[in-house]
Amino acid sequence: MARDTSRFTPLTAALTSVSAATLVLALSASPANASDALADSTLASVQKSQVLKVCTTGDYAPFSHREDNGEFEGIDIDMAASLAKHLGASVETVATSWPTLMEDFTSGKCDIAMSGISVKLDRQAQAYFSLPYQTGGKTPIVRCDDVKKYQTVDQINRPDVRITVNPGGTNERFANEFLSEATRVAHGDNRTIFNNIIENRADVMVTDAIETQLQASRHPELCSVHPESPFTFSQKGYLLPLGDNIWKAYVDQWLTQMQGTGEQAAIFDKWIKG
């Protein structure tokens with residue numbers, strides 16, 4: 001069983017202190033500057049409109065999944081509801097996709113992006129990330145009879161191995177970098193991609209360990225391969241507008257309280273353990 005990394009840690013406390021200091025600096029230059037900074041922030045905009053616009057992909061359980069009726073559900077949908085409640089606002093979900101995520105976010109379509117988004121430096125160059133709220137990495141999911149066959153990257157990175165890949169996100173990046181010799185089976189809908197393995201159109205998918213554990217629990221034919229020891233290290237965070245220090249400090253402080261009170265852990269348990 002993978003260790004629970006969604007709870008409060010000393011590193012989180014240290015980072016939160018930095019965020020709090022950022023807010024103090026943003027507001028301490030002068031009363032006039034403080035007032036202008038607050039008025040220009042996303043925090044003020046959301047409080048005024050009483051609407052929190054959230055970009056989410058809807059194709060990445062357990063973080064964000066879109067039901068056939070169009071409704072979104074998952075960890076980040078519940079987290080968005082909590083954040084909106086603290087702001088006295090309602091949630092407006094803005095559908096996006098992995099290929100268009102950064103363009104949609106930086107064009108101002110939403111106030112925050114919440115969809116199990118991996119922290120990456122190229123994304124960080126275009127937007128702020130909140131404090132990380134989950135730590136994991138990439139690991140394979142396969143048919144249970146094949147677990148021993150696909151333990152390592154070398155065992156997967158072969159022309160006779162069929163890997164299924166969803167475009168536009170970090171799964172495709174991992175495949176491009178480490179699995180270029182494997183036979184690629186592209187699939188545009190991340191909600192149904194695991195059927196490629198179940199129905200023997202593909203042999204392996206490499207994705208985040210938390211997703212492999214969830215899908216293995218839903219599909220008895222599938223097994224997560226060493227989720228406690230993933231191939232890579234990664235963290236999830238929420239995208240925030242670049243340069244908006246007041247909004248980032250607020251979201252970071254909210255996250256710290258969610259972790260410290262156990263509310264975040266309860267949301268994770270709801271969607272992972274059922």
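Put simply, of Ala182, Ala249, Ala265 the only residue that is modelled with pLDDT of 95 or more, farther than 21 Å from Leu52 by Cβ and in the same structural domain as Val54 (by the TED database) is Ala265. Taking the conditions (1) open to solvent by 20 Å² or more (accessible area, probe 1.4 Å); (2) among the aliphatic types (A, V, I, L, M); (3) not in a strand (DSSP E or B) in turn, Val94 satisfies each one other than (3). Residue count for region 181-190 satisfying the condition of being surrounded by fewer than 22 Cβ atoms within 10 Å (Cβ to Cβ) and either in contact (Cβ under 8 Å) with a residue 24 or more places away in the chain or in a strand (DSSP E or B) (or both): 6. Only one of the numbered conditions (1) assigned to a loop (DSSP other than H, G, I, E, B); (2) open to solvent by less than 50 Å² (accessible area, probe 1.4 Å) is not met by Met205, and that is (1). When the test is whether a residue is buried (at least 24 other Cβ atoms within 10 Å of the Cβ), under 22 Å from Trp98 (Cα atoms) and in the same structural domain as Gln151 (by the TED database), Ile193 does not pass it. Across region 107-131, the number of residues qualifying as under 23 Å from Asn190 (Cα atoms) and in contact (Cβ under 8 Å) with a residue 60 or more places away in the chain comes to 9. The residues of region 138-154 that are of a type in the set (A, V, I, L, M), touching a helix residue (DSSP H, G or I) at 6+ places or on another chain (Cβ under 9 Å) and under 19 Å from Asn195 (Cα atoms), listed by number, are Ile141, Val142.
Filter region 208-226 down to the residues that are open to solvent by less than 40 Å² (accessible area, probe 1.4 Å) and of a type in the set (Ser, Thr, Tyr), then identify the one that is farthest from Lys148 (Cα to Cα). Among them, the one singled out is Thr212.
Based on this model, can you work out whether Tyr133 counts as more than 30 Å from Gln257 (Cβ to Cβ) and either touching a Gly at 6+ places or on another chain (Cβ under 9 Å) or open to solvent by less than 40 Å² (accessible area, probe 1.4 Å) (or both)?
Considered against the rule, which asks whether it is more than 30 Å from Gln257 (Cβ to Cβ) and either touching a Gly at 6+ places or on another chain (Cβ under 9 Å) or open to solvent by less than 40 Å² (accessible area, probe 1.4 Å) (or both), Tyr133 comes out as no.
Inspect region 266-273 for any residue being free of Cβ contacts under 8 Å to residues at least 24 places away in the same chain and in a loop (DSSP other than H, G, I, E, B) and give the result as yes or no. Yes, region 266-273 contains at least one residue that is free of Cβ contacts under 8 Å to residues at least 24 places away in the same chain and in a loop (DSSP other than H, G, I, E, B). The number of residues in region 45-89 being open to solvent by 10 Å² or more (accessible area, probe 1.4 Å), assigned to a helix (DSSP H, G or I) and without any contact (Cβ under 8 Å) to a residue 40 or more places away in the chain comes to 4.
Taking the stated definitions as given, is Ser19 modelled with pLDDT under 95, under 22 Å from Glu263 (Cα atoms) and either outside any helix (DSSP H, G or I) or not charged (D, E, K, R) (or both)? The answer is yes for Ser19. Selection over region 97-128 of residues that are closer than 22 Å to Glu172 by Cα, outside any helix (DSSP H, G or I) and hydroxyl-bearing (Ser, Thr, Tyr) gives a count of 4.
For region 241-262, the condition holds for no residue, the condition being that it is open to solvent by 50 Å² or more (accessible area, probe 1.4 Å) and of a type in the set (Asp, Glu).
Of all the listed residues (Ile117, Ile156), the sole one being assigned by the TED database to the domain that holds Ser224 and surrounded by 20 or more Cβ atoms within 10 Å (Cβ to Cβ) is Ile156. Taking each residue of region 222-242 that is free of Cβ contacts under 8 Å to residues at least 24 places away in the same chain and under 21 Å from Met79 (Cβ atoms) and looking for partners that are surrounded by 23 or more Cβ atoms within 10 Å (Cβ to Cβ) and basic (Lys, Arg) with beta-carbon atoms closer than 9 Å, six or more apart or interchain, yields nothing.
The values are calculated or read from the model by the stated rules, or taken from the named source; none is laboratory data. Since the model is a prediction, treat every value here as computed from it, not as a measurement. Every residue, glycine as well, gets a Cβ built from its backbone with ideal geometry; the counts of neighbours run over all protein chains shown. In case anyone asks, the SASA skips ligands and DNA or RNA and just uses the protein heavy atoms, side chains included. Shrake-Rupley method; radii C 1.70, N 1.55, O 1.52, S 1.80 Å.
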